[in-house]
1. What pairs come up if the first residue lies in the stretch 37-51 and is of a type in the set (Phe, Trp, Tyr), the second is surrounded by 13 or more Cβ atoms within 10 Å (Cβ to Cβ), and their beta carbons are under 6 Å apart, counting only those six or more places apart or on different chains?
2. Any idea which residue in the stretch 129-144 is surrounded by the fewest Cβ atoms within 10 Å (Cβ to Cβ), counting only those that are of a type outside the set (D, E, K, R) and out of contact with any helix residue (DSSP H, G or I) (no Cβ under 8 Å at 6 or more places or on another chain)?
3. Please verify whether ALA74 is of a type in the set (A, V, I, L, M) and crowded, with 18+ Cβ neighbours inside 10 Å, treating the condition exactly as stated.
4. Out of all the residues in the stretch 55-100, which are free of Cβ contacts under 8 Å to residues at least 40 places away in the same chain and in contact with a Cys (Cβ under 6 Å, 6 or more places away or on another chain)?
5. Within the stretch 94-104, does at least one residue satisfy the condition of being surrounded by 20 or more Cβ atoms within 10 Å (Cβ to Cβ) and modelled with pLDDT under 95?
6. Return the only residue of GLY38, GLY46 being on the phi > 0 side of the Ramachandran plot and out of contact with any Ser or Thr (no Cβ under 7 Å at 6 or more places or on another chain).
7. Hey, any hits in the stretch 113-128 for a residue that's within 19 Å of THR9 (Cα to Cα), modelled with pLDDT under 95 and surrounded by 20 or more Cβ atoms within 10 Å (Cβ to Cβ)?
Amino acid sequence: MGLLQYFDTDDGSLPEITVTFAEPSQVTQAFDHLFACGARNVSVGGGSLWLTASRSEQPFSGASDASLVISGAAESFHVVLAGVTGSGYSIPDLGVFVDPDSLTLDYRMGSPWGEPEIQSLLALLRQLKDLGGVVAVPWWGADGERAFLCALDGA
């Protein structure tokens, strides 16, 4: 079963893919990896973080901001990244929610997605698995998650 059906029709939703890590340092490595793969922040207004001690907002400044979440200095945050490549094809914009133990990726379904972009996303997720991540896609339901994890494992 192909995965295109989970990407091709924009129904207004933002399906999520969660990558959970056992060690907080793996979250920062994984977020850094997205930038090493060409990510650039395209969040409306640039994105921001909420600093816990000062109870104030700070503009998103880059990959190193994940370490602020890990240390507890900032609340979890969400940014939109463009230009990420996993295997030579640019992946359509990905929302990334940075949490102390995970990265949750969300995406807008629709025409920007084709087989090369899906394969590039799978390659990126394999790279995140190599960094210690465990991938889950509960958004797609049991059958969709099974199909996705089979494709991710190359089966």
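The values are calculated or read from the model by the stated rules, or taken from the named source; none is laboratory data. In this text, all values refer to a predicted model and were calculated from it rather than measured experimentally. Note: ideal-geometry Cβ built from the backbone for every residue, glycine included; neighbour counts use all protein chains shown.
1. Hits for this filter: TRP50/GLU75.
2. ALA142
3. So ALA74 fits the description; yes.
4. Once the filter is applied, which keeps residues that are free of Cβ contacts under 8 Å to residues at least 40 places away in the same chain and in contact with a Cys (Cβ under 6 Å, 6 or more places away or on another chain), the stretch 55-100 yields nothing.
5. No, the stretch 94-104 contains no residue that is surrounded by 20 or more Cβ atoms within 10 Å (Cβ to Cβ) and modelled with pLDDT under 95.
6. Answer to the selection: GLY46.
7. Scanning the stretch 113-128 turns up no residue that is within 19 Å of THR9 (Cα to Cα), modelled with pLDDT under 95 and surrounded by 20 or more Cβ atoms within 10 Å (Cβ to Cβ).
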